[in-house]
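Working notes for the structure below.
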Amino acid sequence: MMRILIAPIGVAFALAFVAQSAAADPVADFYRGKSVRLIVGGAAGGGYDAVGRLLAKHIGRHVPGNPTVHVENMSGAGSLILMNYINNRSPRDGTVMAMPTTNVLFDAKLQPPAAGRNAVFDINSASWIGTPAQQPQVLFVWNDTPFKALPDLRTHKMIVGAISAATDTYILPMLMKQLLRADATIISGYKGSPEILAAMERREVDALVALLANLTVGNSSYLKENKIRPVLQFGRQRSMELPMVPTAAEWADTEADKRLFQFYGIKYEMSYPVMVVPGVPAERVAALRAAFEQTMADPAYQADAKRMGVALNPLRGGEMHDLMTIINDMPDDLIVRLRALISPPSVQ
């Protein structure tokens, strides 16, 4: 009788061991009880900050092991400070994600003077997780200024507030000056969009260029109270959120200028690029990508995004990789021309 019972008991233990082994998840084991940092390249109170905090609020419950996710802000120098930090000082284990500004997406090709000498990273070695939304940069002007159409930009002097020469707050007004012949003066040195908006309210400057979410998510009272209005957008096509606002390519005088604006607008399809540095184990990268996709489909995330005014048009990590391939295959003539247009006169 004893021998008859031993076999079933042994089989039961073996099955339990197999089930336990199958249920073990090394990714979940790694993340369980940990805290993940999402380092954002925008200043607190701006659009990048708001979108980053929205993602951080929801993505943790979709990562195996359910780590907590918190946002840190590391703005400055067009996200060069952030990129140099995560590539050279942060752990390469998947506990740090980054959301730099879109400037870094073109820096490897354009090597702008404001960035090239200080960049100690290879953007093409990054693992892309996804972007929560695709939104263009937009030229916003104060409500009582005369700027409504292209002739106004050419006949009235516009003072534009900017962060630094390494950011699109400066680069895009420079392209407006040189390609659209806008009569614009650019004043840089502001910390972020909130500070430029405050300067507009004090009437120190007339305009700023910012991602749409900077005004629909952060600082939304300026639009709601009609203190500012959008005049021009810089994506490859009109945003579904601003169907009546023309693109810079539409205002371009020549096909060459139109082509340049459209190519530069590729990066706004990756408006809030989330990435991890090279060296993170592949299974953790895959888990973070899957968690991102699940977050974008999460009704709780979508409800918060709609309430905040964040567009529900994400892009997956693999799709971002494909767009980066297009940027890396950028024709030489465009590279040379863009580099000359955005370089200060002393280095052209």
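Quick notes
- Within segment 42-91, the set of residues being in contact (Cβ under 8 Å) with a residue 12 or more places away in the chain, charged (D, E, K, R) and farther than 19 Å from ALA303 by Cα comprises GLU72 only.
- Taken together, GLY94, GLY52, GLY65, GLY45 contain a single residue that is buried (at least 24 other Cβ atoms within 10 Å of the Cβ) and assigned to a loop (DSSP other than H, G, I, E, B), which is GLY94.
- Of all residues in segment 291-318, exactly one satisfies the criterion of being of a type in the set (D, E, K, R), touching a Gly at 6+ places or on another chain (Cβ under 8 Å) and part of a helix (DSSP H, G or I), namely GLU293.
- Tabulated pairs, segment 204-231, first assigned by TED's automatic domain parsing to the domain that holds VAL245, second of a type in the set (D, E, K, R) and crowded, with 24+ Cβ neighbours inside 10 Å, C-beta under 8 angstrom, 6+ apart or interchain: VAL209/ASP168; GLY218/ASP49
- GLU255 more than 17 Å from VAL141 (Cα to Cα), surrounded by fewer than 18 Cβ atoms within 10 Å (Cβ to Cβ) and outside the structural domain of MET308 (by TED's automatic domain parsing): yes
- Count of segment 197-217 residues which are closer than 20 Å to LYS148 by Cβ and in contact with a Leu (Cβ under 9 Å, 6 or more places away or on another chain): 8
- Scanning segment 324-336 for residues that are surrounded by 11 or more Cβ atoms within 10 Å (Cβ to Cβ) and either at pLDDT 90 or above or among the polar types (S, T, N, Q) (or both) yields a single hit, ASN328.
- Residue satisfying condition, being surrounded by 24 or more Cβ atoms within 10 Å (Cβ to Cβ), part of a helix (DSSP H, G or I) and touching a Gly at 6+ places or on another chain (Cβ under 7 Å), within set ILE171, ILE196: ILE196
The values are calculated or read from the model by the stated rules, or taken from the named source; none is laboratory data. The model shown is predicted, which means the values in this text are computed figures rather than measured ones. Every residue, glycine among them, receives a Cβ derived from its backbone with ideal geometry; neighbour counts consider all protein chains shown.
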